[in-house]
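To start, the structure under review is shown below, and the notes come after it.
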Amino acid sequence: MHMEILRRQKSVNRLYINRSEIKNSHLFFYGFILYMSSLAIAAKPGFNIAMLQGIQLIGLTLFIYASARLITFKFESRYLAAVYSVYMLWIFTVILRGISGDYEYIKQLLFDSEVGIFLYLVPLIILFPKNVLFYKRMFEAIFLLNVFYVIYIIVFSGNFIGTDVNDPFSREILEVSTKNLSFPGGFVLLTYIYHSKKSKLLALAVISMAVLLAILRARRGLVFMGTSILTFSYLIYGFINKAKSFHTSFATFCLALLLVFSFVGLNASDSGLFSSFANRIDDDSRTGVQICLFEEMSPLDWIVGKGMHGQYYCPTIDAIDIDYRSLIETGYLNIILKGGLVSLILLLMILVPAIFRGLFLSNNILSKGAAFWIIAWMMYSHPSTVTTFSFNYLLVWISVGICYSKRLRSMTDKSIRELFWFIEKQKIT
């Protein structure tokens, strides 16, 4: 009995945690799930927005409280400490240049995931303790979001099937639910060796469902994002197996993609099931707003941006009755709009070395999966606005923390699996 107690204590010590971190990790992810779920429901017209914002406020309170108690100013990399400090100082100047006391604007700062204040604070998660239990809680949160996505799609199926693909409400529902509830499952697929069959199958199902709905609703950016997540997952699978099974599985995957796009081609008529997607393949929906942005940006704006509330004049776009837009649907340009080339360059100075360390200086799939997630985010930043207050963007900065942690990169897959197993069996809560 004494030896068993010592063994268990040794395993707990290897988790690099304490009871306070356990409690606050729970609160953080519970709060985030409340916020994301309410945000997805709020995209559907007809719900009580005040009630949903009340739930979001509860979520905000939980994860802000937990964040304040989890943040520790410790870095394993001197390079990261220097560049990250400069980056965050610059981000706070971007925030200060957009602060307003207007009531409606304050509500937007709190509850709008695309232009609100919290998307600028997401990088603070890199200061959270980097331990296996926190990542285990993260994967549990992803599982819950994926479950909610399935329920969401079933309940609101009428908004995805049989409605005009250009309907702005239907488009918003699909975009918000897919990016916030479905795509985080991609991180499970990228690190599949640590997870149960149930978690892996659910993640694969929700990503596949999201891609199918994106094709039906002619959302090219979402199709690209979903298929690239699946492709990266197969690349990691091949890296692990290095065997015939990989080649067989990858060939099957490529064949499935070929069949899907062949079916798209065969249904390219106006009456085809995938006709909307086929007809929009060559559409250019970005040039108009980009021209508007370029005409509005002065040389100084390109360097330092226009601040958190930065806007540009672009009327009659997407049939939206506004003259000034706070968002451009090209991620890199949106970063420049708010914080200029200074923001983008500092960000890339953090992300690119993280990718290199995760891919080439690590011993485990957790680090390599994290590097692939950062690569995916950088790819998505051209066709879509992915710098938002979302679980996807949260995972980018969690991935940065993993890739810069020499201790985490040096761990073996076996030791990480053992720690995940220990947390599960001992029910550490």
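The values are calculated or read from the model by the stated rules, or taken from the named source; none is laboratory data. It should be emphasised that the depicted structure is a prediction, and the values quoted were computed from it without experimental measurement. Neighbour counts run over all protein chains shown; Cβ positions are idealised from the backbone, glycine included.
Observations
- E140 vs. criteria at pLDDT below 85 and part of a helix (DSSP H, G or I): no
- Considering region 404-429, and only residues there that are modelled with pLDDT of 90 or more and outside any helix (DSSP H, G or I), the residue that is nearest to the chain's Cα centre (by Cα) turns out to be S405.
- Criterion (closer than 20 Å to I236 by Cβ and either free of Cβ contacts under 8 Å to residues at least 40 places away in the same chain or under 11 Å from the mean Cα position of the chain (by Cα) (or both)) met by exactly one of W373, W397: W373
- Residue within region 389-403 that is part of a loop (DSSP other than H, G, I, E, B), in contact with a Gly (Cβ under 7 Å, 6 or more places away or on another chain), within 21 Å of T178 (Cα to Cα) and of a type outside the set (A, V, I, L, M, F, W, C) present: no
- Sole exception among (1) more than 29 Å from F169 (Cα to Cα); (2) assigned to a helix (DSSP H, G or I); (3) in contact (Cβ under 8 Å) with a residue 40 or more places away in the chain for L359, by number: (3)
- Every condition in (1) small (G, A, S); (2) surrounded by 15 or more Cβ atoms within 10 Å (Cβ to Cβ); (3) at pLDDT 90 or above holds for S326 except the one numbered (3).
- When residues in region 207-237 are screened for being assigned to a helix (DSSP H, G or I), over 22 Å from I365 (Cα atoms) and either free of Cβ contacts under 8 Å to residues at least 24 places away in the same chain or not basic (K, R) (or both), 13 of them pass.
- Matching residues in region 376-394 - criterion: being hydrophobic (A, V, I, L, M, F, W, C), out of contact with any Leu (no Cβ under 6 Å at 6 or more places or on another chain) and touching a residue at least 60 places away in the same chain (Cβ under 8 Å): A376, M379, V386, F391, L394
- When S100, S113 are checked against the criterion of being assigned to a loop (DSSP other than H, G, I, E, B), of a type in the set (G, A, S), touching a Ser or Thr at 6+ places or on another chain (Cβ under 9 Å) and in contact (Cβ under 8 Å) with a residue 12 or more places away in the chain, S113 stands alone in meeting it.
- The lone exception for E104 - which of (1) among the acidic types (D, E); (2) at pLDDT 85 or above; (3) under 23 Å from H309 (Cβ atoms) it fails: (2)
- For region 15-65, the set of residues classified as farther than 22 Å from D112 by Cβ and in a helix (DSSP H, G or I) consists of R19, S20, E21, I22, K23, N24, S25, H26, L27, listed by residue number.
- For region 85-139, filtered to residues that are of a type in the set (S, T, Y) and under 22 Å from S38 (Cα atoms), the residue that is surrounded by the fewest Cβ atoms within 10 Å (Cβ to Cβ) is Y103.
- Residue satisfying condition, being hydrophobic (A, V, I, L, M, F, W, C), at pLDDT below 85 and out of contact with any His (no Cβ under 8 Å at 6 or more places or on another chain), within set V147, V165: V165
- Number of residues in region 349-399 that are closer than 22 Å to L333 by Cα and out of contact with any helix residue (DSSP H, G or I) (no Cβ under 8 Å at 6 or more places or on another chain): the value is 1.
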